[in-house]
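The values are calculated or read from the model by the stated rules, or taken from the named source; none is laboratory data. Here the structure is a predicted model, which is why all the values come from computation and not from measurement. So basically every Cβ, Gly included, is an ideal-geometry build from the backbone, and we count neighbours across all protein chains shown. For the accessible areas, the whole protein counts, side chains as well, though only heavy atoms, and no ligand, DNA or RNA atoms are used. Shrake-Rupley method; radii C 1.70, N 1.55, O 1.52, S 1.80 Å.
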Amino acid sequence: MYTQSLDLPGQAQQAAPITADLAEQQAAFDARIAEDGKIEPMDWMPDAYRKTLVRQISQHAHSEIVGMLPEGNWISRAPSLKRKAILLAKVQDEGGHGLYLYSAAETLNASRDDLVDALHTGRAKYSSIFNYPTLTWADVGVIGWLVDGAAIMNQIPLCRCSYGPYARAMIRICKEESFHQRQGFDALLAMMRGTEAQREMVQDAVDRWWFPVLMMFGPPDAASPNSTQTMAWGIKRISNDDLRQKFVDATVEQAKVLGVTLPDPGLVWNAERRHYDYSPLDWEEFWRVINGDGPCNRERLATRVKAHEDGAWVREAALAHAEKHANRATAAKAA
Ligand code: BYC
């Protein structure tokens, strides 16, 4: 799947014919996009396309890695061996998604150290949703059902993204996300079939997560500075508002099966639009959270930075090991 991992940094520019001028390269790129083809790491691409991909893919990678924290907090408190094993596997999957995505960003000549540094110093964004607390076990189920559900809705169209390595990474990620969504729904269903206290716990979690989940899709289209260009480039295929609407329409039916109430009195079927209407979202809260002032931003970043610092010895040992092998190989060649 990761054939692009064989491409070395710096090769991308060499792939273009030396004689081709910029206009020809741009025309070839535009034609590929117009015919819905894929752009690969060795192909010429405009700087702005490369930059926007590095921004989106790296923020996506950061979201997967920071997204391990709210659920990771519950691994030691899972209510049964079965739920613990499922949660362990899920959190591990999220770590894997982060790694595929950092690798996809590296095919664009981005340096992983720089990307990680941008996260740790607060220069890079990660999904707003992971700045909310997980107060009870029901929150873990709701993250699976709603957060992973929203993630799948957003990520399925990314499987058709014009940049090959990102599109291919998304195919595998989406398969794993659908297991995540199902396990969340299943955990909530078990609680809804349990005691009154468990049902109240689920409803309370749904009440707290519903609006932040709708904000995961990003600002309204009219306030989304990146959408027009990323859609023209075939990176994003469906707009923020259209994806949000698809998610609302699908989730209302799932909530009925589960037996929970979605906490929005404005959530009503609009027969003319053939979609559910919903109340306006609190965009001030959204901007506050993505700019670093949500309920858990400081805690999440501090935990990530500490994990990175605590892992320094592993990176140093791996580098020393690689260097030792390289030296041995050089010595063997010279002998
Ligand atoms: N949170 O022009 P816009 C997961 C930023 S993890 C934070 O619409 P764009 C999981 C946006 O970056 C899945 N920031 O932007 C893991 C931009 O800022 P900059 C995460 C947000 O890029 C563990 C500004 O607002 N999914 O599933 O066209 C456990 C203006 O927005 C958010 C992805 O990352 C937000 N919610 O569209 C469980 C999907 N929304 O960069 C689950 C890939 C917007 O200009 N990303 N911003 O400073 C995307 O699809 C797009 O980047 C977005 C935003 C739809 C998120």
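Here are a few things to note about the model shown:
- Using a cutoff of 8 angstrom between alpha carbon atoms and counting only pairs six or more residues apart, the relative contact order for segment 261-335 works out to 13 percent.
- Available extension along the chain between residue 241 and residue 189 is 15.8 nm, counting 0.36 nm per residue and deducting the alpha carbon span.
- Relative contact order of the chain: 17 percent, from C-alpha pairs under 8 Å at least 6 residues apart in sequence.
- Near residue 158, once Lys and Arg are set to +1 and Asp and Glu to -1 for all other residues with Cβ below 10 Å from its Cβ, the sum equals +3.
- In this simple spin-label approximation, residue 310 and residue 36 carry label points 7 Å from Cα along the Cα→Cβ vector, and these lie 4.8 nm apart.
- The candidates 283, 74, 145, arranged from most to least accessible area with a 1.4 Å probe in the full protein assembly, appear as 283, 74, 145.
- Signed unit charges on C-beta, dipole axis of the chain, positive-most listed residue 205, 219, 286: 205
- The chain - mean residue ellipticity at 222 nm from DSSP helices (-39,500 (n - 2.57) per run, n ≥ 4, rounded to 500): -20000 deg cm²/dmol
- Reported to the nearest whole Å, the Cα centre-to-centre distance from segment 43-70 to segment 217-295 is 21.
- Length available on full extension from residue 47 to residue 111: 0.36 nm per residue minus the Cα-Cα distance, which gives 21.5 nm.
- 252, 268, reordered so the largest accessible area comes first (probe 1.4 Å): 268, 252
- The magnitude of the dipole of segment 162-299, with charges of +1 and -1 set on the Cβ of Lys/Arg and Asp/Glu and taken from the Cα centre, is near 700 debye.
- What the Cβ-Cβ distance of residue 287 and residue 330 gives, at R0 = 45 Å and to the nearest 0.05, is a FRET efficiency of 0.25.
- The residue list 296, 321, 335 was ranked by how far each Cα lies along the charge dipole of segment 293-335 toward its positive end, using unit charges on Cβ atoms, and 335 comes out on top.
- Computed magnitude of the charge dipole of segment 95-245 (debye, nearest 20; Cβ of K, R +1, Cβ of D, E -1): 440 debye
- When the C-alpha to C-alpha distance is required to be over 27 Å, the pairs from 38/175; 175/236; 125/236; 82/236; 246/306 that qualify are 82/236; 246/306.
- Element breakdown for the chain at a 1.4 angstrom probe: carbon and sulfur atoms account for 58% of the accessible area.
- Residue 26 versus residue 221: modelled label distance in nm, points set 7 Å from Cα along the beta carbon direction: 2.7 nm
- One decimal place: the segment residue 135-residue 303 gains 58.7 nm when fully extended, by the rule 0.36 nm per residue minus the C-alpha distance.
- Charged-residue dipole, Cβ positions (Lys, Arg, Asp, Glu), the chain about Cα centre, Debye nearest 20: 940 debye
- Accessible area of the chain divided out per residue, in Å², using a probe of 1.4 angstrom: 50 Å²
- Gap separating the Cα centres of segment 96-165 and segment 303-335, nearest whole Å: 27 Å
- Taking amide H positions as modeled 1.01 Å from N, with prolines and chain starts lacking one, the residues under 5 Å from residue 275 and 5 or more places away or on another chain are 270.
- For segment 148-266, relative contact order (Cα pairs under 8 Å, six or more residues apart, normalised by length) works out to 32 percent.
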